[in-house]
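Enquirer: Before I ask anything, here is the structure I am working with.
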Amino acid sequence: MTQHEKRPLLEIRGLEARVGEKQILRGIDLTIRAGEVHALMGPNGSGKSTLAGVLAGRPSFEVTAGSIHFDGRELQGLLPEERAREGMFLAFQYPIEIPGVTNNYFLKAAVNAVRQHRGQDTLDAMDFLALSREKMKIVGMKPELMSRAVNEGFSGGEKKRNEVLQMLLLEPRLAILDETDSGLDIDALRVVASGVNYLRSANRALLVITHYQRLLEYIVPDFVHVLSEGRIAHSGGKELALELEAKGYGWLEKEPPAAGAAQ
Amino acid sequence: MSALAAANARLLGLCDEAARRSDPLAALRRAGREAFAASGLPDTHREEWKYTSLAPLVALDWALAPASFSPSAPPPGIEMFTLRESPAGTPRIGDLVDLKEHPLAALATALLDDGLVIRSIPNADVARPIELSLSTREIHRPELRVPRVRIEAARGSRLAVVLDHACAAIGGPRFTNAVIEIDIAENAQLELTVLQRETGTAFHASNTAVRLARDARFTSRVITLGGRLVRNDLSVLLAGEGSECSLDGLYLGTGARVVDNHSLVDHAVPRGTSRQLYKGVLAGTSQGVFRGRVIVRPGAQKTDAAQSNTNLLLSNGAEIDTKPQLEIWADDVKCSHGSAIGRLDENALFYLRSRALDEREARALLTQGFAAQIFAALPSEALREELGAEFARRVAAETLP
C-alpha cells in the first residue's frame, strides 16, 4: 500500500501538443498523486482545455513530444474509451447534447462499460435506477432529467450537474473538471462542489481547471498551477489562487517561468 | 432487343394472360395494361427515375404470384373484405392513382387479381391499429406480387393501419409492387404505418395515393430497413379545405441497397396543412433518394406546407440525392423546406467514448438517436421496441468505415 501511494497517479513530462497546425502545449511537467487536488488556472488560450483534451484522448489533438503516465502506464496510444475504463474522467466545459438518446440509457451503458472492464457484474435497470437516484440527490438533479435526451434542452446548470453525476457514477481515479464552474450561480456552484468533494478520497485525484478563485473556496486545492502560453508558469499552494485573483495574470509574465511542477 | 425491351415484352405477356380473365376488374386491368404498354418500365432518362435504376430487376424472369395479407381480425367499427368477396358489388377502386404518371402502378393494375378493402363505419373511433402482414415465404424462382389495398375512412371516423412487409430469409428474388389507395372522408383521421423490412434479395415498389376531404387528417410513417431496391411513391391530394397531412419517413441503406422516396403533396384547396419529415441513414455503398414535391394550386390560400429531409452518411461510399421541389401558385401561403446531409458529430463521438463506450457502440448510439424521433411516433410500444431493435441490429451489422 505504501508502495502504491508513492507512485504518482499522473505524471506528465515535457508534454507538447498541437491542435491542427497550432502548437498549444509547449512543454508541460506535472505530477499528481492519489489523494491530491490540483487547480489549473491561467488566461484564455493558455492551453488549459487542450491539456484536458489531450489527457482524455481527444482524437484531433496531437501530442508532438513528451510523455503522460497514468498509474505507471503510458497513455499515448490508448483510445479515449480505454482511458475512461482505466479511471480517467473529463467533465466537459461544454457538455454535448445527444438527441434521441435518453440520459438513463447513456449513463447505464457508460457505467456498465466501466464495470465490465473492472470485472464487476453489469447493473440491470432496477439496480441502475437505485444507484442513479442516490447519486442524483448528491448533485441536486431533477429525476425527470434521466428520461430526457442527454443534455438536450438542459439549462447550463443542469448540464454541469449531469457532468458531475456522471463522475459520481463512474467513480474515476483521476477526474479532470474543465471549467465546470463557468456559468453557474452560487447555489449551483455549491451543489456541484459538494458533489466533487463527495468523491474526494485518498485513492483519487482531481485536476480542477478554472478561471476563478471562487470555485476553489468550495473545492480547496492542495496545489495551484498557472498555465501561460502552453507552459506551467507558476506553481504554489492554495494561496496562489488568491494572489491571482488580486493581481490578475499579468504579474506572472514578468517573472521567469517556474522550472516545473508542484513537487 | 435491349434487356429493358425484353423485360417489357415479358411483363406485357403476363398482362395479356391476366387480361384473358373476365371478372369485374377486367376494365381496370385493361386501363393498367394500356398505360404500361405506353410507358414500359421506367429507365433513368425519366426525370422521376433519374437516380434509381431498375436494371437489376430487369434481367429477371418474373412469374406472377398471389399476394397474401394475413390481416388481424377487424375490430368493431371496421369492415374488411377482399375485392372478390365484396359484399355489395365491386367497391370503388383505381380512381386515385394516376397510371400514366406511375408505370409500376400501371403494371400492378394490369396484373390485378384481388385486393383487400378496409373500411371504417362513420364516426367509428378505433384505437387499436389494424395490422396487415404482407410477408412472403421461401421462394425458388423470381416472383412478382401486386398487393392492393384500399382504405376508406368514413366521415368522422378514426383508424390506424400497419402494413408490414417482411420476407423469409431464404429464397430467391421477389418483387413486391404494391398499390395502396386511401380515401379519407370529412373530418376522418387515418394513421398509416408502412414497415419495409425485407431481405437483400427483395425488390419493393409501393404507390400510395391518398385523397383527403374537408378537415380530414392523414398521418403516414414509412420505415424502410431492408430490401435490395425500394421505391416509394406517396401522393397526397388535399382536396378538402382544412385538411392536414403529416408524412414521416425513415430509411436505412446498408450494403449496396437503394432506397428511393418520392412524395407529392398537392394543395388543391385553401387552408391545407402539410408536414414532411424524412430521415435517412446511409451506410456501405448504399444510395438514398428523396424527392419531395409540393404543389400549391391557384386559390389554395392559407396553405401551410413544411418539408424537411435530413440524412446521415455513415460511410464515404454512401450516397444521397435529395431534391425538394416547391411549385407555388398562390400568394398567401407559408411554405418551407430544408434538407441536410451530415456525418456523425465528432464531438458527440468523443463525448460518448470519454464515457467508456467504444467507438462502435458510440456510433451505433448516435445513429439510433438520429432515428429515434421517427420510432417514438410508432403506434404501439411493441412496435417501437421491435423496430428500434431491428434498426439497431441492422446498423450494428455494418462495419466501421
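Enquirer: Going through A:Tyr94, A:Tyr105 one at a time, which residue ends up being of a type in the set (Phe, Trp, Tyr) and buried (at least 17 other Cβ atoms within 10 Å of the Cβ)?
Expert: A:Tyr105
Enquirer: Quick check: anything in region B:264-282 under 9 Å from the mean Cα position of the chain (by Cα), within 22 Å of B:Asp164 (Cβ to Cβ) and touching a residue at least 60 places away in the same chain (Cβ under 8 Å)?
Expert: No.
Enquirer: Filter region B:313-348 down to residues that are farther than 23 Å from B:Glu48 by Cβ and among the basic types (Lys, Arg) and give me whichever is surrounded by the fewest Cβ atoms within 10 Å (Cβ to Cβ).
Expert: Out of the qualifying residues, it is B:Lys334.
Enquirer: Specify the residue that is nearest to the other protein chains (Cβ to nearest Cβ); the eligible residues are those in region B:341-376 that are in contact (Cβ under 8 Å) with a residue 24 or more places away in the chain and in a loop (DSSP other than H, G, I, E, B).
Expert: Going through region B:341-376, the residues in contact (Cβ under 8 Å) with a residue 24 or more places away in the chain turn out to be B:341-344, B:359-360, B:363-364, B:367-368, B:370-371, B:373-375.
Still in the list and also in a loop (DSSP other than H, G, I, E, B): B:343-344.
Working: B:Arg343: 14, B:Leu344: 11 Å.
The residue in question is B:Leu344.
Enquirer: Sticking with this structure for a sec: Within region B:88-112, work out how many residues are closer than 22 Å to B:His262 by Cα and assigned to a loop (DSSP other than H, G, I, E, B).
Expert: 9
Enquirer: If you don't mind, another one. Give the number of residues within region B:320-340 that are in a strand (DSSP E or B) and either of a type in the set (Phe, Trp, Tyr) or within 14 Å of chain A (Cβ to nearest Cβ) (or both).
Expert: Residues that pass the stated criteria total 1.
Enquirer: When region B:123-162 is examined, which residues are found to be of a type in the set (Asp, Glu) and either over 23 Å from B:Thr224 (Cβ atoms) or free of Cβ contacts under 8 Å to residues at least 60 places away in the same chain (or both)?
Expert: Result: B:Asp125, B:Glu138, B:Glu152.
Enquirer: Okay, moving on. Hey, does region A:230-238 have a residue that's of a type in the set (Val, Ile, Thr), farther than 20 Å from A:Met88 by Cα and crowded, with 22+ Cβ neighbours inside 10 Å?
Expert: Yes: region A:230-238 contains one or more residues that are of a type in the set (Val, Ile, Thr), farther than 20 Å from A:Met88 by Cα and crowded, with 22+ Cβ neighbours inside 10 Å.
Enquirer: Next up: Does A:Ala202 meet the test of being under 29 Å from A:Ala17 (Cα atoms) and in contact (Cβ under 8 Å) with a residue 40 or more places away in the chain?
Expert: Taking the combined requirement at face value, the residue does not satisfy it.
Enquirer: Quick one: count up the residues across region A:155-178 that are among the charged types (D, E, K, R) and either within 13 Å of another protein chain (Cβ to nearest Cβ) or closer than 18 Å to A:Gly87 by Cβ (or both).
Expert: Looking only at region A:155-178, we keep the residues that are among the charged types (D, E, K, R), and these are A:158-161, A:163, A:171, A:173, A:178.
Remaining after also requiring either within 13 Å of another protein chain (Cβ to nearest Cβ) or closer than 18 Å to A:Gly87 by Cβ (or both): A:159, A:163, A:171, A:173, A:178.
Qualifying residue count, region A:155-178: 5.
Enquirer: Tally up the residues in region A:44-65 that are loosely packed, with under 13 Cβ neighbours inside 10 Å and either in a helix (DSSP H, G or I) or within 14 Å of chain B (Cβ to nearest Cβ) (or both), please.
Expert: Qualifying residue count for the region: 1.
Enquirer: Test of understanding: among B:Ala88, B:Ala73, B:Ala63, B:Ala55, which residue is exposed (fewer than 13 other Cβ atoms within 10 Å of the Cβ) and farther than 23 Å from B:Ala124 by Cα?
Expert: B:Ala63
Enquirer: Sticking with this structure for a sec: In region A:114-130, which residue that is more than 19 Å from A:Ala84 (Cβ to Cβ) and in a helix (DSSP H, G or I) is nearest to the other protein chains (Cβ to nearest Cβ)?
Expert: Applying the filter and picking the extreme gives A:Ala125.
Enquirer: Then there's this: Check whether at least one residue in region B:364-381 is more than 30 Å from A:Asn162 (Cβ to Cβ), surrounded by 15 or more Cβ atoms within 10 Å (Cβ to Cβ) and not hydroxyl-bearing (Ser, Thr, Tyr), and report yes or no.
Expert: Filtering region B:364-381 down to residues more than 30 Å from A:Asn162 (Cβ to Cβ) leaves B:379-380.
Retained after the next criterion (residues that are surrounded by 15 or more Cβ atoms within 10 Å (Cβ to Cβ)): B:379.
Adding the requirement that they be not hydroxyl-bearing (Ser, Thr, Tyr) leaves B:379.
Yes, region B:364-381 contains a residue that is more than 30 Å from A:Asn162 (Cβ to Cβ), surrounded by 15 or more Cβ atoms within 10 Å (Cβ to Cβ) and not hydroxyl-bearing (Ser, Thr, Tyr).
Enquirer: For region A:217-263, which positions are of a type in the set (Gly, Ala, Ser) and modelled with pLDDT under 90?
Expert: Of everything in region A:217-263, those that are of a type in the set (Gly, Ala, Ser) and modelled with pLDDT under 90 turn out to be A:Ala241, A:Ala246, A:Gly248, A:Gly250, A:Ala258, A:Ala259, A:Gly260, A:Ala261, A:Ala262.
Enquirer: Which residues, counting only those in region B:1-25, are under 9 Å from B:Ala110 (Cα atoms) and either without any contact (Cβ under 8 Å) to a residue 24 or more places away in the chain or not in a helix (DSSP H, G or I) (or both)?
Expert: Of everything in region B:1-25, just one residue is under 9 Å from B:Ala110 (Cα atoms) and either without any contact (Cβ under 8 Å) to a residue 24 or more places away in the chain or not in a helix (DSSP H, G or I) (or both), namely B:Asp16.
Enquirer: Answer yes or no as to whether B:Glu390 is more than 14 Å from every other protein chain (Cβ to nearest Cβ), under 19 Å from the mean Cα position of the chain (by Cα) and within 30 Å of A:Arg115 (Cα to Cα).
Expert: On the way: more than 14 Å from every other protein chain (Cβ to nearest Cβ): yes; under 19 Å from the mean Cα position of the chain (by Cα): yes; within 30 Å of A:Arg115 (Cα to Cα): yes.
Yes, satisfied.
Enquirer: Separate question: So A:Gly14 ticks every box in (1) modelled with pLDDT of 95 or more; (2) over 16 Å from the mean Cα position of the chain (by Cα); (3) under 30 Å from A:Ser155 (Cβ atoms); (4) not polar (S, T, N, Q) but one. Which box is left unticked?
Expert: (3)
Enquirer: Still on this structure, please answer the following. For A:Glu152, work out the one condition from (1) within 14 Å of chain B (Cβ to nearest Cβ); (2) within 23 Å of A:Leu123 (Cα to Cα) it doesn't fulfil.
Expert: (2)
Enquirer: While we're on this one: Anything in region A:97-112 that is under 23 Å from the mean Cα position of the chain (by Cα) and over 13 Å from A:Gln166 (Cα atoms)? List them, or say none.
Expert: A:Glu97, A:Ile98
Quick grid of which residues meet (1) in contact with a Ser or Thr (Cβ under 9 Å, 6 or more places away or on another chain); (2) within 24 Å of B:Arg293 (Cβ to Cβ):
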site: B:Asp114; (1), (2): yes, no
site: B:Val126; (1), (2): yes, no
site: B:Pro142; (1), (2): no, no
site: B:Ala205; (1), (2): yes, yes
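Enquirer: Continuing with the same structure: Give me the pairs, please: first residue somewhere in region A:85-106 and more than 15 Å from B:Asp358 (Cα to Cα) and facing chain B (nearest Cβ under 7 Å), second residue anywhere and crowded, with 20+ Cβ neighbours inside 10 Å and hydroxyl-bearing (Ser, Thr, Tyr), beta-carbon distance under 7 Å, and either six or more positions apart or on two chains.
Expert: Pairs that qualify, where the first residue is more than 15 Å from B:Asp358 (Cα to Cα) and facing chain B (nearest Cβ under 7 Å) and the partner is crowded, with 20+ Cβ neighbours inside 10 Å and hydroxyl-bearing (Ser, Thr, Tyr), are A:Leu90/B:Ser354; A:Phe92/B:Tyr351; A:Ile96/B:Tyr351.
Enquirer: Filter region A:66-84 down to the residues that are assigned to a loop (DSSP other than H, G, I, E, B) and surrounded by fewer than 17 Cβ atoms within 10 Å (Cβ to Cβ), then identify the one that is nearest to the other protein chains (Cβ to nearest Cβ).
Expert: A:Leu79
Enquirer: Then there is this: Being within 17 Å of the chain's Cα centre (by Cα) and either under 21 Å from A:His38 (Cα atoms) or surrounded by fewer than 22 Cβ atoms within 10 Å (Cβ to Cβ) (or both) is true for just one of A:Asp121, A:Asp181, A:Asp185, A:Asp127. Which residue is that?
Expert: Working: A:Asp121 fails: within 17 Å of the chain's Cα centre (by Cα); A:Asp185 fails: within 17 Å of the chain's Cα centre (by Cα); A:Asp127 fails: within 17 Å of the chain's Cα centre (by Cα).
Only one candidate qualifies: A:Asp181.
Enquirer: For region A:136-176, name all the residues that are surrounded by fewer than 23 Cβ atoms within 10 Å (Cβ to Cβ), without any contact (Cβ under 8 Å) to a residue 60 or more places away in the chain and of a type in the set (Lys, Arg).
Expert: Selection gives A:Lys137, A:Lys142, A:Arg148.
The values are calculated or read from the model by the stated rules, or taken from the named source; none is laboratory data. This one's a predicted model, so the numbers in the text were calculated from it and none came from an experiment. Cβ coordinates were reconstructed from backbone atoms using ideal geometry, including for glycine residues, and neighbour counts include every protein chain displayed.
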